[in-house]
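The values are calculated or read from the model by the stated rules, or taken from the named source; none is laboratory data. If you're wondering where the values come from, they're calculated on a predicted model, not measured in any experiment. A quick note on method: Cβ atoms are made from the backbone with ideal geometry, for glycine too, and the neighbour counts reach across all protein chains shown.
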Amino acid sequence: MALETFDRESPAIVMHEKDNVCTLIRPVQAGEELIIDVQGQPHTVLIRQDTPFGHKIAIRSIQAGEHIYKYGESIGMASVDIQAGEHVHVHNLEGIRGRGDRA
Amino acid sequence: MKIKGYRRANGAFGIRNHLLLLPTVVCANQVVNRIAQQVPRAVAIPHQHGCSQVGADKEQTHKTLVGMGKNPNVGGVLIVSLGCEVMDPRRIKREIEETGKPVIWMDIQDVGGSVKAITKGLELARKLLADIEQTPITETSLSEIAVGVKCGGSDATSGLCSNPALGRAADQILEAGGTIVMSETPEIIGAEHLVAARGVNAEVSRQIYAAVERYEQEMARMGVDMRGGNPSPGNIEGGLSSIEEKSLGCISKAGTKPLQGVFGYAEPVPQGGFYFMDSPGNDIECVSGMAAAGIQLVCFTTGRGTPTGNPIVPVVKITGNEFVAKKMEDNIDVDVSPILKGKETLDQAGHKILQEIIEVASGKLTKAEILGHQEFSINRIGISL
């Protein structure tokens, strides 16, 4: 569930090979090309909008209804289609658990 | 690795030597607070409960008050009752006395009102304090420590680094024969399969699933989405999008060892190994429940920065957020944010946390203790009558 060490240069962290999002360890701006480490391989993501520290970015496109993975586990479902490089948060990610409103 | 503290009459080991002022009911708070003002070395646990309670809810409040008194960090207890409440001061006194520590009970209606109770309470508190301050300081090994692991005011850094670093320290405490207690049932929702998989048998795993199901059923009964309550607005601002994401980041703080058992809120913690206490995630209710269960120290990770302390248990604040470490340095004991820059490994950070645990367990004051943070709150499970 945890990486032993983080890459000194990486602006974002991917926790597991199954993940389709990364977590930013610095804020990023729209138009930036982020080079992130995905299982030892460099992966380029074009940032779509300004996104703060600690927030998530899609590292590949995710269809509405698809699971969003972090730590190799589902953290919810895409409520709309999400492009690679887009900010992933409460506006486009629906939690599946603790949803008494849907019961 | 030795820690220094106080051997109690029943053999339990405390890392603090507190005089506890314990009101049995909200109506006794003011008398207790006045005594505490004039006996600064005493700690008080004013609370909102103790009356108009029945059944399991009444029992849980009773258990929490007794557990606070029994905690080995407490050397002696002054119980202050009003006289007409639901809580039974005789029973509270008797159960705390099973530990062999000095306990005195005073009743406000019996003494004749607030002024007389404050005057008499001061005398009794000073007498108890003089008594417990005779307790010698002795040494023991880490095997006698029970540490509660908690996170509060989480952000994305909690799951990335501070919780896994705390997990490394937790594993070392378990390897030394110590005890680790994780809690916060709503904050394993979405990650409960990973916690249950660590159960030593099918019954332990079943109890984890059952505890989670009770919270989700309550959400269904209320017809609400828990997002906004948990994850909180601050968690969401910090990048956490769902309870699943928060939970998956939370559970690494308890290390990797097998889960020996599940116990209820404020019930006595078994000795040795990794346990889960079924409790709300609410910081104060959870830390209070852990203290009442008998843990001596809490390690508390935070990404947003929270000041939470406890009247009888030192709370060590750990952050993986470099901005919070600087901005809220008054409240943070251990900064593990260098992990995210690749300047520190999780093992190194875990070692740093373990060193802090050993120092705090040997008398070093935490930031929360220095600042006088003594939050206390009892988890209610029934209605007020």
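Check every one of the helices (runs of 4 or more DSSP H) wholly within the range B:305-373 and list those with 2 or more residues that are under 17 Å from the mean Cα position of the chain (by Cα).
Passing ranges, in order: B:346-360, B:367-371.
Starting from residues that are closer than 26 Å to A:Ile35 by Cβ and polar (S, T, N, Q), keep the ones in the range A:60-103 and report whichever is nearest to the other protein chains (Cβ to nearest Cβ).
A:Asn92
How many of the residues in the range B:200-226 are more than 18 Å from B:Ser279 (Cα to Cα) and of a type outside the set (A, V, I, L, M, F, W, C)?
Adding up the residues that qualify gives 5.
Give, as residue ranges, the helices (runs of 4 or more DSSP H) completely inside the range B:178-255 that count at least 2 residues that are more than 7 Å from chain A (Cβ to nearest Cβ) and among the aromatic types (Phe, Trp, Tyr). Quick ask: steps written out before the conclusion?
Working: elements: B:192-196, B:202-222, B:233-237, B:243-250.
Counting at least 2 such residues, we get B:202-222.
Exactly one of these conditions fails for B:Arg41: (1) farther than 26 Å from B:Ala9 by Cα; (2) of a type in the set (Lys, Arg); (3) modelled with pLDDT under 95. Give me its number.
For B:Arg41, the failing item is (1).
Quick one: which helices (runs of 4 or more DSSP H) lie wholly within the range B:1-106 and hold at least 2 residues that are polar (S, T, N, Q) and over 17 Å from the mean Cα position of the chain (by Cα)?
B:29-38
Give the residue, chosen from B:Ile381, B:Ile318, that is aliphatic (A, V, I, L, M), touching an Asp or Glu at 6+ places or on another chain (Cβ under 9 Å), at pLDDT 95 or above and not assigned by TED's automatic domain parsing to the domain that holds B:Glu218.
B:Ile381
Give the range A:67-103 a look and list any residue that's polar (S, T, N, Q) and touching a helix residue (DSSP H, G or I) at 6+ places or on another chain (Cβ under 9 Å), or say none.
A:Ser74
Of everything in the range B:374-385 that's within 16 Å of the chain's Cα centre (by Cα) and hydrophobic (A, V, I, L, M, F, W, C), which residue is surrounded by the most Cβ atoms within 10 Å (Cβ to Cβ)?
Within the range B:374-385, the match that is surrounded by the most Cβ atoms within 10 Å (Cβ to Cβ) is B:Ile378.
Would you confirm whether any residue within the range B:331-348 is over 26 Å from B:Glu237 (Cα atoms), surrounded by fewer than 21 Cβ atoms within 10 Å (Cβ to Cβ) and touching a residue at least 24 places away in the same chain (Cβ under 8 Å)?
Yes, some residue in the range B:331-348 is over 26 Å from B:Glu237 (Cα atoms), surrounded by fewer than 21 Cβ atoms within 10 Å (Cβ to Cβ) and touching a residue at least 24 places away in the same chain (Cβ under 8 Å).
Can you tell me which of B:Gly153, B:Gly199, B:Gly121 is surrounded by 23 or more Cβ atoms within 10 Å (Cβ to Cβ) and under 26 Å from B:Ser242 (Cβ atoms)? Give the steps one after another, and end with the answer.
On the way: B:Gly199 fails: surrounded by 23 or more Cβ atoms within 10 Å (Cβ to Cβ); B:Gly121 fails: under 26 Å from B:Ser242 (Cβ atoms).
Only one candidate passes the filter, namely B:Gly153.
Any residue at all in the range B:93-105 that's modelled with pLDDT of 95 or more, outside the structural domain of B:Glu175 (by TED's automatic domain parsing) and of a type in the set (S, T, N, Q)?
Checked against the condition, which is being modelled with pLDDT of 95 or more, outside the structural domain of B:Glu175 (by TED's automatic domain parsing) and of a type in the set (S, T, N, Q), the range B:93-105 yields at least one hit.
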